[in-house]
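For reference, the structure discussed in these notes is given below.
The values are calculated or read from the model by the stated rules, or taken from the named source; none is laboratory data. Source: prediction; values computed, not measured. Ideal geometry is used to build each Cβ from the backbone, glycine not excepted, and the neighbour counts take in all protein chains shown. SASA here: full protein model, heavy atoms, side chains in, ligands and nucleic acids out. Shrake-Rupley method; radii C 1.70, N 1.55, O 1.52, S 1.80 Å.
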Amino acid sequence: MPHKNEFLNLDNTANAFAYKTDKELIASKWLFTLMKMGILVKLGANILPFLIEIGLPIKKLIKKTLFKQFVGGETLEKTSSVCEKLNNHNVQVILDYGIEGGEYSDEKYEQATDEFIDVINYASNNKNTPFISIKITGLVSFSLLERLNISIGDATSNTIFNDFAPIIQRLPEKDKLDWDKLNIRISRICKKASESGIGVMIDAEESWIQDPIDFITMSMMEQYNKSNVVVYNTIQLYRTDRLSFLKHSYEESVRKAHLLGVKLVRGAYMEKESKRANQLGYNNPIQPTKFATDKDYNEALTYCIERIEKISIIVASHNEESSLKAANMLFDLSEKTNHQHLHFSQLYGMSDNLTFNLANAGYNASKYLPFGPVEEVIPYLMRRAQENSSLSGQTGRELKLIIQECNRRGI
Ligand SMILES: Cc1cc2nc3c(=O)[nH]c(=O)nc-3n(C[C@H](O)[C@H](O)[C@H](O)COP(=O)(O)OP(=O)(O)OC[C@H]3O[C@@H](n4cnc5c(N)ncnc54)[C@H](O)[C@@H]3O)c2cc1C
């Protein structure tokens, strides 16, 4: 059992909300109160895109509420005031250009690649933005990834790294060409990031497209993680097979003599995963209980921190127990709080008590900060609203902490 870092107090709401004015805090209180009314959220998810389409002035309302709480700005430049505010509290930023996966034209994927490169340029000129985040489905069609995943078929996560190359060779010409284009796009991004000293976190997505994402991410790591960690894969511990996949990724990285970068998450697509598995009649890849997810998440943390010189870890979670565990393990190991291979990250607008108190105690803590035009980030905003309408889990604590701070300030 690691000993506690006595300087770390995750309940300190004065630190957690110091970056918010009284007016902003009251606005957050109302927003979280409204989000708790789940019916509003469900209605919003269904009718918002329609209301915007028919030209109702709903955009302004969203911009002043959900957008302000969870998004950095409509453009990269407009996020700078949020970045600055966070920097004043030693909180770093992971920039997320909010393109959602879909079926787009090559032109749009090239544009997205250029945009990511602009984000890297911007990040390298800002001292508190050490990472950017990307989704592979923003760079290539979802359906190609799905076909590739099917071609891999029975290859287990332990053999995928070796079995993938011959599979590409057997693809139809058009798919081979699209795969090559994806490789060029992702290589451009990682090369630029490597030259600029910026880390690239590659998001994990649905299990039925994840194998090719893992493969391409590991191949980028092999190229760019030789002396320091540039590329990070995301491990979703809500999947039953991911703890063993993590261990195998580490063994692969040792065999190929590069460092491993991992962002540890529980996972964002649980309902979708279970529904699809039920409909198509295959084994649900998701853990049977929350307890099982938590157990694997915490085991993954231990596994990685025990190898901290070889694995760079992003603890991407709003879970207090897991965050404390990682913070205390590092402290126990080194009596230090800031190791270059351990970062904590929460979504902007959520769990400020973790981010700001960790940063205040000297840990590397960051906010995952999306930006983009209002219409494009609506799916992201709806996911946040849905997450915060749940009465259980860590996110349920948000409103309680905000009210606690309002009471402390007497507002
Ligand atoms: C910086 C950052 C980056 C992220 N990147 C990604 C990403 O690339 N891909 C991705 O998928 N997600 C990503 N996420 C989202 C993340 O997966 C969710 O925020 C997270 O699942 C919520 O869990 P938590 O660790 O905050 O803690 P908690 O609130 O304690 O856990 C909730 C999670 O536990 C799991 N869970 C809940 N109930 C059950 C159950 N009955 N059985 C099994 N499991 C259950 C689900 O994953 C659920 O989301 C990211 C989050 C952050 C903060």
*Would you check which residues across segment 121-138 are surrounded by 24 or more Cβ atoms within 10 Å (Cβ to Cβ) and more than 16 Å from the chain's Cα centre (by Cα) and list them?*
A123
*asked:* Against the definition (of a type in the set (S, T, N, Q), open to solvent by 30 Å² or more (accessible area, probe 1.4 Å), farther than 22 Å from G197 by Cα and not in a helix (DSSP H, G or I)), how does N283 come out, yes or no?
replied: yes
*strands (runs of 3 or more DSSP E) completely within segment 299-411 that count 1 or more residues being within 16 Å of the ligand (Cβ to nearest atom) and among the charged types (D, E, K, R)*: 364-371
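Residues are listed down the side, and each one gets a yes or a no for (1) modelled with pLDDT of 95 or more; (2) within 23 Å of T129 (Cα to Cα); (3) not in a strand (DSSP E or B):
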| position | (1), (2), (3) |
| --- | --- |
| C190 | yes, yes, yes |
| S194 | yes, yes, yes |
| A204 | yes, yes, yes |
| D211 | no, no, yes |
| T217 | yes, yes, yes |
| N228 | yes, yes, yes |
| N233 | yes, yes, no |
*Do you know which residues across segment 199-213 are within 12 Å of the ligand (Cβ to nearest atom) and of a type outside the set (V, I, T)?*
M201, D203, A204, E205, E206, S207, Q210
*Quick one: in segment 262-273, of everything that is open to solvent by less than 30 Å² (accessible area, probe 1.4 Å) and more than 7 Å from the ligand (Cβ to nearest atom), which residue is farthest from F331 (Cα to Cα)?*
E273
*Using the structure shown, decide if Y122 is closer than 30 Å to E146 by Cα and in contact (Cβ under 8 Å) with a residue 24 or more places away in the chain.*
no
*Identify, by number, the condition in (1) aliphatic (A, V, I, L, M); (2) open to solvent by less than 10 Å² (accessible area, probe 1.4 Å); (3) closer than 29 Å to E77 by Cβ that A327 doesn't meet.*
(3)
*Examine segment 237-245 for a residue that is within 26 Å of E115 (Cβ to Cβ), β-branched (V, I, T) and within 16 Å of the ligand (Cβ to nearest atom), and state whether such a residue exists.*
no
